[in-house]
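Below is one structure, written out as structure tokens; the observations come after it.
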Amino acid sequence: MNQGLLSVDAALEQMLAAAKPVVEVEQIATLEATNRVLARAQRSTMDVPPMDNSAMDGYAVRLSDLKQGNSLLVGQKIMAGSVGRPLEPGTAARIFTGAPIPPGADAVVMQEHCVAEGNKVLLKRTPKPGEWIRTVGSDVKKGGEILPAGKRLLPQDTGLAASVGIKTLPVFRKLRLGLFFTGDELVMPGEPLAPGRIYNSNRFTLRGLAEVFGCELRDYGIVPDTLQATREVLRRAAGECDLIVTSGGVSVGEADFVKPAVEAEGKLLMWRIAMKPGRPLAFGTIRGAFFIGLPGNPVSSFVTFLVFVRPFLLRTQGMTEVMPRAIAARADFDWPQPDARREFLRVKWNAQGGLELYPTQDSAVLTSTAWADGLVDNPPGRAVGRGEMVRFLPYSELYW
Ligand code: AMP
Ligand code: MG
């Protein structure tokens, strides 16, 4: 096996077991609640729809009236938002979508099946009992749970809450995520790129991810490769953040100060993970804050963020479901020489509904991540032949 390397699952298990979900709850406007995590299950205090109403524009009728014939006097008109009178025997009510069914009516005939003749209506079809009537409580029952605790609220969830009149929702406070970037070689776009320097692309990728996951971001920028500077920013960030995520400096090279800095300021678990890209990963605590140190290689930091930081921060934000759902998909590529470590390959859907592989899987080639639609999660040592099914993690499942 992978001597001295920890498996992805074992590392994740330890991290998730250590995670401390946010407990502070904020009551916020339902209108602003999309992408927040619901702190308490929501129940409906009402039936939806609140009354029987018409699913169509047409005529509300009493079925027993249709035994004598299919022409009825139109006795009233009921628009959405108004309430009709009880249906008098032998009459129909002109009715519109969403309007309450008048007492006595037991079906609606859609207007396409009716002919208006002066003050009468001729029904070209006999409706079935209850046809085109939305019954009270058929969507939501009074007292029923509409949203579970620990769910990230999607736009349709806020709509559902609003449909039962919920004006505000209890959500967990946002996670305070601190980011910093180690490396004397880093400069920002807009600054001159002196010889030997590179742009700090990880700042953009990781900041973007922090936004995707709804964090309150503290960005401490580029930190010089010294023990002193690394310790100082860690100390400051630990006082201001729930979680500190860093890029670079977690190897054991001469310019790698993250390990000694975290050891000096807090507690460190340093792992060599059996994954590719990735390998070095640091996890620890600095006083009340958690710390995750990602490798500096742009593909590695992106992938390790999705594999480790994502579930950790979702759990910390109070979510119950944190593991991504994979899809079984067809490999339209060969991967004859797999690594002994678990690999996360950058792939893209093709027009035939299979997956194509980015030609270079080098952890420094950021283009592969932008080109891809997601990652194939390939078990250690598994050679893949064209046409075989693989475990696919589309970005859409990983971005939340
Ligand atoms: P490190 O993990 O610090 O040894 O860095 C590994 C590789 O990633 C080196 O080639 C670094 O130059 C590169 N790297 C480190 N940090 C960044 C960053 N913020 N943006 C882009 N590349 C980086
Ligand atoms: Mg470095």
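The values are calculated or read from the model by the stated rules, or taken from the named source; none is laboratory data. Because the structure is predicted, anything quoted here is derived from the model rather than measured. For neighbour counting, all protein chains shown are included, and Cβ atoms are generated from backbone atoms with ideal geometry for every residue, glycine included. All accessible areas refer to the heavy atoms of the entire protein, side chains included, with ligands and DNA or RNA removed. Shrake-Rupley method; radii C 1.70, N 1.55, O 1.52, S 1.80 Å.
Pick out, from segment 100-164, the strands (runs of 3 or more DSSP E) lying fully within it that include 3 or more residues that are exposed (fewer than 13 other Cβ atoms within 10 Å of the Cβ) and in contact (Cβ under 8 Å) with a residue 60 or more places away in the chain. Before you say what the answer is, go through the steps one by one.
Numbers: elements: 107-110, 114-117, 120-123, 145-147.
Once the strands (runs of 3 or more DSSP E) in segment 100-164 are filtered for at least 3 residues that are exposed (fewer than 13 other Cβ atoms within 10 Å of the Cβ) and in contact (Cβ under 8 Å) with a residue 60 or more places away in the chain, nothing remains.
Quick check on segment 50-96: of everything there that is among the hydroxyl-bearing types (Ser, Thr, Tyr) and closer than 16 Å to Gly130 by Cβ, which residue is surrounded by the fewest Cβ atoms within 10 Å (Cβ to Cβ)? Spell out the reasoning first.
Just the residues of segment 50-96 that are among the hydroxyl-bearing types (Ser, Thr, Tyr), to begin with: 54, 59, 64, 71, 82, 91.
From the residues that got through so far, the ones that are closer than 16 Å to Gly130 by Cβ too are 54, 59, 64.
Numbers: Ser54: 25, Tyr59: 26, Ser64: 10.
Applying the filter and picking the extreme gives Ser64.
When Leu66, Leu72 are screened for being touching an Asp or Glu at 6+ places or on another chain (Cβ under 8 Å) and not in a loop (DSSP other than H, G, I, E, B), only Leu72 passes. The single condition from (1) under 20 Å from Glu185 (Cβ atoms); (2) modelled with pLDDT of 95 or more; (3) open to solvent by less than 20 Å² (accessible area, probe 1.4 Å) that Pro298 fails is (3).
Is segment 171-182 home to any residue that is open to solvent by 80 Å² or more (accessible area, probe 1.4 Å), closer than 30 Å to Val258 by Cα, within 16 Å of ligand 1 (Cβ to nearest atom) and at pLDDT 95 or above? Looking through segment 171-182, none of the residues is open to solvent by 80 Å² or more (accessible area, probe 1.4 Å), closer than 30 Å to Val258 by Cα, within 16 Å of ligand 1 (Cβ to nearest atom) and at pLDDT 95 or above. Of the residues making up segment 239-257, just one is of a type outside the set (D, E, K, R), surrounded by fewer than 21 Cβ atoms within 10 Å (Cβ to Cβ) and modelled with pLDDT of 90 or more, namely Gly239. Considering Leu12, Leu16, the condition of being touching a residue at least 24 places away in the same chain (Cβ under 8 Å), part of a helix (DSSP H, G or I), in contact with a helix residue (DSSP H, G or I) (Cβ under 7 Å, 6 or more places away or on another chain) and surrounded by fewer than 17 Cβ atoms within 10 Å (Cβ to Cβ) is satisfied by Leu16 alone. The set of residues in segment 245-270 that are within 11 Å of ligand 1 (Cβ to nearest atom) and in a loop (DSSP other than H, G, I, E, B) comprises Gly248, Gly249, Val250, Ser251, Val252, Gly253, Glu254, Ala255, Asp256, Phe257.
Just wondering, is there one or more residues in segment 245-257 that are under 29 Å from Val23 (Cα atoms) and of a type in the set (Asp, Glu)? Lay out the reasoning, then the answer.
Initial filter on segment 245-257 (under 29 Å from Val23 (Cα atoms)): 245-247.
Applying the additional criterion that residues be of a type in the set (Asp, Glu) yields none.
No, the conditions are met nowhere in segment 245-257.
Within segment 314-332, the presence of a residue that is under 28 Å from the mean Cα position of the chain (by Cα), open to solvent by 40 Å² or more (accessible area, probe 1.4 Å) and on the phi > 0 side of the Ramachandran plot is excluded.
Taking the residues in segment 194-228 that are open to solvent by less than 40 Å² (accessible area, probe 1.4 Å) and free of Cβ contacts under 8 Å to residues at least 24 places away in the same chain as candidates, determine which candidate is farthest from ligand 1 (Cβ to nearest atom). The extreme case among them is Gly208.
Reported count of residues in segment 261-291, each being within 16 Å of ligand 2 (Cβ to nearest atom) and of a type outside the set (Gly, Ala, Ser), is 6. Taking residues in segment 180-193 that are of a type in the set (Phe, Trp, Tyr), and partners anywhere that are part of a strand (DSSP E or B) and more than 11 Å from ligand 1 (Cβ to nearest atom), the pairs with Cβ atoms closer than 8 Å and at least 6 places apart or on different chains are Phe180/Asp219; Phe180/Tyr220; Phe180/Ile244. Checking the structure you have, find out if any residue of segment 28-39 is more than 33 Å from the chain's Cα centre (by Cα), surrounded by 15 or more Cβ atoms within 10 Å (Cβ to Cβ) and of a type in the set (Val, Ile, Thr). No; the residues of segment 28-39 include none that is more than 33 Å from the chain's Cα centre (by Cα), surrounded by 15 or more Cβ atoms within 10 Å (Cβ to Cβ) and of a type in the set (Val, Ile, Thr).
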